[in-house]
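The values are calculated or read from the model by the stated rules, or taken from the named source; none is laboratory data. All values derive from a computational prediction rather than experimental measurement. Every residue, glycine as well, gets a Cβ built from its backbone with ideal geometry; the counts of neighbours run over all protein chains shown. Keep in mind that these areas ignore ligands, DNA and RNA; they rest on the heavy atoms of the full protein, side chains included. Shrake-Rupley method; radii C 1.70, N 1.55, O 1.52, S 1.80 Å.
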Amino acid sequence: LNCYFDGIVYSSDEKIKKPDSAFYKMFMKKFNLNPIESVMVGNDGFCDVEGALNAGIHAIHVHSNIAGSKPCPNGVKSIPVEEIEMLINAIDTSTEVGIRNKAIIETLYCTGMRISELTELKLSQIQLNKKYLIAYGKGQKERICQLGDEAVVALRKYISDVRLKWVL
């Protein structure tokens with residue numbers, strides 16, 4: 001997926017770490033992004049949400065049961081599942097970019113994968129018929145992530161309708 005993004009920054013690769021607002025400011029500058037037009041979506045209320053807010057970036061906290069994620073700072077609320085589903089359903093899938101975006105969001109949402117895991121994902125790691133994928137996390141630790149029905153449909157559509165055109 002690296003070819004579909006202007007760039008990817010892994011906080012673990014940087015000298016400045018989340019939640020330091022300097023990390024987010026560095027990221028914005030590196031990719032010439034406007035904080036007002038950007039949104040940080042994360043599952044860690046402290047590192048992801050508070051850090052982004054301190055840098056002037058809008059933040060969305062997706063509540064998860066991932067070990068180690070911290071609660072949001074005071075005044076920041078998690079998004080209820082119904083609202084997440086409304087956001088997903090708002091993606092315009094009449095375009096190739098929308099089809100790709102829906103596959104990305106559905107996969108992230110149902111697996112809890114890190115962006116870094118998703119961007120390194122190979123087709124050979126995805127088993128749509130068996131509804132799982134194999135992700136390699138920090139330290140190349142392998143983990144099996146179950147795919148929900150919506151993610152399978154979105155990935156199948158992306159792979160069959162879009163990816164072949166973009167890769168060739």
Lone unmet requirement of (1) touching a residue at least 12 places away in the same chain (Cβ under 8 Å); (2) surrounded by 16 or more Cβ atoms within 10 Å (Cβ to Cβ); (3) in a helix (DSSP H, G or I); (4) out of contact with any Ser or Thr (no Cβ under 8 Å at 6 or more places or on another chain) for residue 91: (3)
Condition check for residue 110: open to solvent by less than 30 Å² (accessible area, probe 1.4 Å) and in contact with a helix residue (DSSP H, G or I) (Cβ under 6 Å, 6 or more places away or on another chain): no
Total residues in the range 1-55, condition touching a helix residue (DSSP H, G or I) at 6+ places or on another chain (Cβ under 8 Å), small (Gly, Ala, Ser) and either at pLDDT 80 or above or buried (at least 19 other Cβ atoms within 10 Å of the Cβ) (or both): 5
Number of the condition not met by residue 166 [criteria: (1) touching a Phe, Trp or Tyr at 6+ places or on another chain (Cβ under 9 Å); (2) over 25 Å from residue 87 (Cβ atoms); (3) not acidic (Asp, Glu)]: (2)
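For every residue, the table says whether it meets (1) in contact with a helix residue (DSSP H, G or I) (Cβ under 9 Å, 6 or more places away or on another chain); (2) under 17 Å from residue 95 (Cβ atoms).
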{"residue": "126", "(1), (2)": "yes, no"}
{"residue": "133", "(1), (2)": "yes, no"}
{"residue": "138", "(1), (2)": "yes, no"}
{"residue": "144", "(1), (2)": "no, no"}
{"residue": "147", "(1), (2)": "yes, no"}
{"residue": "152", "(1), (2)": "yes, no"}
{"residue": "157", "(1), (2)": "yes, yes"}
{"residue": "160", "(1), (2)": "no, yes"}
{"residue": "165", "(1), (2)": "yes, yes"}
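Out of the helices (runs of 4 or more DSSP H) lying entirely within the range 103-168, which hold 1 or more residues that are under 22 Å from residue 48 (Cβ atoms)? Steps first, please.
Numbers: elements: 115-119, 149-158, 164-167.
Because the criterion is at least 1 residues that are under 22 Å from residue 48 (Cβ atoms), the helices (runs of 4 or more DSSP H) in the range 103-168 that meet it are 115-119, 149-158.
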